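Before any comments, here is the structure.
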Amino acid sequence: MNTKPKTTLVIFGATGDLAKRKLYPSIYNLFKANQLSEEFAVVGLGRRAWTNETIRETVSQSLIHKESNESVEKFCEHFYYLPFDVQEKNSYHELNTLLSELETKHQIPGNRIFYMAMAPEFFGTIAENIKSEGLKNTEGWTRLIIEKPFGHDLPSAKQLNREIREAFSEDEIYRIDHYLGKEMVQNIEVIRFGNAIFEHLWSNRYIENIQITSSETLGVEDRGGYYEKSGALRDMVQNHMLQMVSLLAMDPPLRLTPEEIRSEKIKVLRALRPVTHEKVSDYFVRGQYGPGQMDGEEVAGYRSEKNVDPNSFTETYVAGKLLIDSHRWAGVPFYIRTGKRMHVKSTEVIIQFKDLPMNLYLNNEEKVHPNLLIIHVQPEEGISLVLNGKKMGISGESVPVQLDYRNDGVDAGNTPEAYERLIYDCMLGDATNFAHWDEVDLSWTFIDAISKAWQSREIDIHTYEAGSMGPKAADDLLAQDGNHWWSKNVIHIIERGFE
Ligand code: BG6
């Protein structure tokens with residue numbers, strides 16, 4: 001396999017935030033790591049009247065970890081800019097001419113990636129014009145990377161999909177879910193399928209529940225306009241959280257090919273028990289942050305944020321209990337929660353194993369601590385395993401002990417940015433870590449039932465204090481099953497055990 005295909009990357013939305021914060025630094029990291037062919041070009045497109053110099057200057061400024069000025073300069077020379085109107089055919093003709101020139105100059109055999117990093121309402125128009133104006137007629141391959149949101153419900157996602165499928169086939173479409181590019185999300189498969197001690201236990205026979213928490217400390221910042229229409233359910237659950245659920249719950253794939261992995265993930269999404277309108281409140285809790293304190297500073301509540309309706313019912317927090325009606329998972333709750341303005345920025349998966357059938361080691365009449373496997377996705381990356389051992393001394397009691405593995409303890413290098421891997425995968429034509437249409441379709445189907453029920457304002461939205469871990473109703477959701485959220489508490493419990 002050619003690991004450095006000569007490619008031109010065309011970025012729609014080159015003057016935007018995503019390009020500056022994520023894409024340019026990621027492409028630079030690939031360049032530094034020598035993962036790009038010497039012959040590559042990046043063409044930035046935007047409405048602004050920038051020049052090649054402006055984009056090169058912007059790219060240079062966006063790089064945080066610069067190797068040397070010389071390497072940055074060499075890198076920036078690969079960037080070009082074209083002022084662009086997505087609704088103007090002429091723009092596409094100019095782009096095609098520029099791409100042909102660059103392909104001749106850099107001897108790139110017509111391999112083109114079109115990266116949509118801009119407002120979603122134009123995705124369809126752009127895809128159609130790319131095709132109709134001949135930008136796909138090259139000797140090489142053409143691919144489309146498309147950012148979320150992929151629609152805002154199932155009908156709009158279907159419509160968008162129809163539009164882009166007019167121009168690109170499914171295997172040319174790379175739908176980004178940046179969680180799938182995270183090191184520890186990719187590690188879920190290896191932890192599960194590479195370890196006999198886990199995979200044999202990975203079912204309702206031995207697992208009590210699985211918890212996934214993705215909490216953020218930031219509020220909506222300047223994205224109020226977008227967020228008002230989206231909310232946490234569409235922004236985080238439909239994509240990132242459900243992707244993690246499917247990786248945790250899928251059966252072992254026959255082989256590690258994109259098709260086999262995807263087909264197992266799809267089975268999980270098909271087996272998700274639909275949440276009916278009447279039952280939404282039994283399974284899902286929505287919350288919205290009120291004012292509070294973050295790091296000792298007063299912060300505003302969601303309803304006072306910029307571009308947010310002062311009476312808004314948009315959720316900034318979701319907790320849910322998902323059930324998977326399959327032989328492997330019947331009866332095991334998958335608890336998820338995600339929110340903004342929470343106490344910590346952290347993404348973690350906790351697998352709680354079932355208690356032993358008989359407990360020989362009572363600690364002051366408390367049960368022995370359940371075994372837990374913790375997958376730390378971010379900001380720490382690693383795995384912890386909570387076991388029980390003998391408390392030192394003469395008492396003979398058991399205490400929980402925690403075995404920790406941290407990625408950065410072993411390899412001091414930075415783990416690659418999610419975007420870095422995903423752009424590279426797309427260049428190689430590997431769609432494993434992208435969302436297939438069937439996954440998008442099924443996850444919207446599941447989500448739409450919940451958001452429809454929430455549209456009626458009869459269902460409570462729980463206010464939680466900024467800087468907290470969310471509303472109490474989310475604790476009650478687990479308490480009714482006799483469970484509780486573990487997350488960051490685990491460490492304290494373990495430390496207490498040693499007192
Ligand atoms: C994005 C959401 O997809 O994910 C944002 O639109 C959210 O609202 C972000 O902040 C979280 O990503 P990460 O990688 O910081 O956990």
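Where a number appears in this text, it was derived from the coordinates with a stated rule and is not lab data. Every value quoted in this text rests on a predicted model; they were computed, and no experiment measured them. For neighbour counting, all protein chains shown are included, and Cβ atoms are generated from backbone atoms with ideal geometry for every residue, glycine included.
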Report summary line: Here D for the range 332-396, in µm²/s, from Stokes-Einstein with a Kirkwood Rh over Cα pairs at 10 °C and 1.306 mPa s, works out to 109 µm²/s
Query raised in the report: Of the peptides 43-49, 301-307, how do they stack up when ordered by the mean number of other Cβ atoms within 10 Å, highest first?
Result: 43-49, 301-307
**Report entry** Contact order normalised by residue count of the chain, Cα under 8 Å, 6+ apart, percent
**Finding:** 17 percent
Query - Descending semi-axes in whole angstrom, ellipsoid equivalent of the range 194-261, from the Cα gyration tensor - result: 33, 16, 10
Query raised in the report: Any idea what angle helix 418-428 forms with the longest principal axis of the chain, computed on alpha-carbon atoms, 0 to 90 degrees, nearest 10?
Result: 50 degrees
Requested in this report: Quantify how much of the Cα-Cα distance distribution of the chain extends past 45 Å, in percent.
Outcome: 16 percent
Requested in this report: Determine, from the Cβ-Cβ distance of M358 and D460 and an R0 of 35 Å, the FRET efficiency 1/(1 + (r/R0)^6), rounded to the nearest 0.05.
Outcome: 0.25
Report summary line: Given a Förster distance of 56 Å, the FRET efficiency implied by the Cβ-Cβ spacing of N2 and I394, rounded to the nearest 0.05, works out to 0.30
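Over the range 347-477, what is the relative contact order in percent, taking alpha-carbon pairs closer than 8 angstrom and at least six residues apart?
Numbers: 126 pairs, mean separation 17.5, N = 131.
The normalised contact order for the range 347-477 reaches 13 percent.
Full-extension gain between T445 and N204, please, as 0.36 nm times their residue separation minus the C-alpha to C-alpha distance. Don't jump to the answer; show the numbers that get you there.
Working: separation 241, 0.36 × 241 = 86.76 nm, distance 2.52 nm.
Extending this stretch completely gives an extra 84.2 nm.
Kindly provide the helix-only [θ] at 222 nm of the chain, computed as the sum of -39,500 (n - 2.57) over DSSP H runs of four or more divided by all residues, to the nearest 500 deg cm²/dmol? It would help to have the intermediate numbers written out before the result.
On the way: 17 runs with 170 residues, N = 499.
Dividing the helical sum by the residues of the chain leaves -10000 deg cm²/dmol.
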Requested in this report: Compute the long axis of helix 183-193 from its Cα atoms, compare it with the longest principal axis of the Cα atoms of the chain, and write down the angle in degrees, 0 to 90, nearest 10.
Outcome: 60 degrees
Query raised in the report: Stretch D153-N69 to full length: gain in nm at 0.36 nm per residue minus the Cα-Cα span?
Result: 25.7 nm
Report summary line: Of the listed links K321/K367; K22/K89; K321/K354, those spanning more than 22 angstrom between alpha carbons are K321/K367; K22/K89
**Report entry** Cα-based shape type of the range 40-94, given that a ≥ b ≥ c are square roots of the gyration tensor eigenvalues and the cut on a/c is 1.5
**Finding:** prolate
Query raised in the report: How big is the antiparallel share of DSSP beta bridges in the chain, given as a percent to the nearest 5?
Result: 55 percent
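If a/c stays under 1.5 just call it rounded; otherwise compare a/b with b/c (prolate if a/b is bigger, oblate if not). Do that for the range 1-106, with a ≥ b ≥ c from the square roots of the Cα gyration tensor eigenvalues.
On the way: a/c = 1.97, a/b = 1.29, b/c = 1.52.
It comes out oblate by the Cα gyration axes.
Which of E259, E397 has the fewest other C-beta atoms within 10 Å, and how do the rest follow up to the most? Provide the component values of the computation, followed by the final result.
Details: E259 13, E397 17.
The fewest-first ordering by Cβ neighbours comes to E259, E397.
Using the Cα centre of the chain as the reference point, and only Cβ charges (+1 on K/R, -1 on D/E), how large is the resulting charge dipole? Debye, rounded to the nearest 20. Present the calculation step by step, with values, prior to reporting the outcome.
Working: 55 positive and 74 negative charges, 105 e Å.
I would put it at about 500 debye.
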Query raised in the report: In Å, the Kirkwood hydrodynamic radius of the range 60-152 over pairs of distinct alpha carbons?
Result: 15.1 Å
